[in-house]
Amino acid sequence: CVMEGAYSQIQVMKKDVPAESYGFFMDQLMDTVRQKIGLSLEKAYDKLPAAEAARMLMLGSVSQLESYADKENERKQEERELALLDDGPASFTRTLSRATTGPMEEAGVIQWVLEGDTLHFKQDDKKRAEVPALELITNTIGYATELERIV
């Protein structure tokens, strides 16, 4: 169900585990799914109604969303601190939202801020990551030309 994107099935499966010991792993799986959904939300939206964000993250209420947002901000701050201690891009300890070198690293960490009934995704820095379109086009044309020469 995870590979298909049917994340709501995890909640159903969590209620019907064959043994109590499976509960821990289902909680871990649910946290991972929420992280992935959260990463998608912060990329797709600048702000989102809190009730809708809670529903998308499979949380029961806006108060649970507020708690989750606080935990998510703390997790990102810890990852940012770990990234500063990291030995570089060759590290094998990367996690879902750890910044990589390049434009995304310059953009900063996105903070989740609940203001009234709206969840805002705010960046530390005032700028967003930009795709270097001209450079990308130039490289793509160059690769195509080289490939044509080889063939």
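Every number in this text was worked out from the coordinates using simple rules, so none of it is lab data. As the structure is a computational prediction, the values presented were derived from the model and not from experiment. All Cβ positions, glycine included, derive from the backbone under ideal geometry; neighbour counts span all protein chains shown.
For the reader, a short list of remarks on this structure follows.
- Peptides 10-17, 70-77, 35-42, 137-144 ordered by packing proxy, namely the average of other Cβ atoms within 10 Å per residue, highest first: 35-42, 70-77, 10-17, 137-144.
- Backbone phi angles across region 33-44, fed through the Karplus curve with coefficients 6.51, -1.76 and 1.60 (θ = phi - 60°), yield HN-Hα couplings of 4, 4, 4, 5, 5, x, 4, 5, 4, 6, 7, 8 Hz in residue order; Gly and Pro are listed as x.
- Estimated FRET transfer efficiency (Asp31, Glu135; beta-carbon r; R0 41 Å; 0.05): 0.65
- Using a Förster distance of 22 Å, the FRET efficiency for Arg80-Lys43 (Cβ separation, nearest 0.05): 0.80
- FRET efficiency estimate (nearest 0.05) - Cβ-Cβ, Ile150 to Ser63, R0 41 angstrom: 0.10
- The label-point distance for Gln123 and Gln11, in a model that sets each label 7 Å from Cα toward Cβ, rounds to 3.2 nm.
- Distance cut-off 13 Å, percentage of C-alpha pairs in region 1-63 lying past it: 66 percent
- Residues whose amide H lies under 5 Å from that of Thr118, counting only those 5 or more places away or on a different chain, are Ala50; hydrogens are built 1.01 Å from N in the peptide plane.
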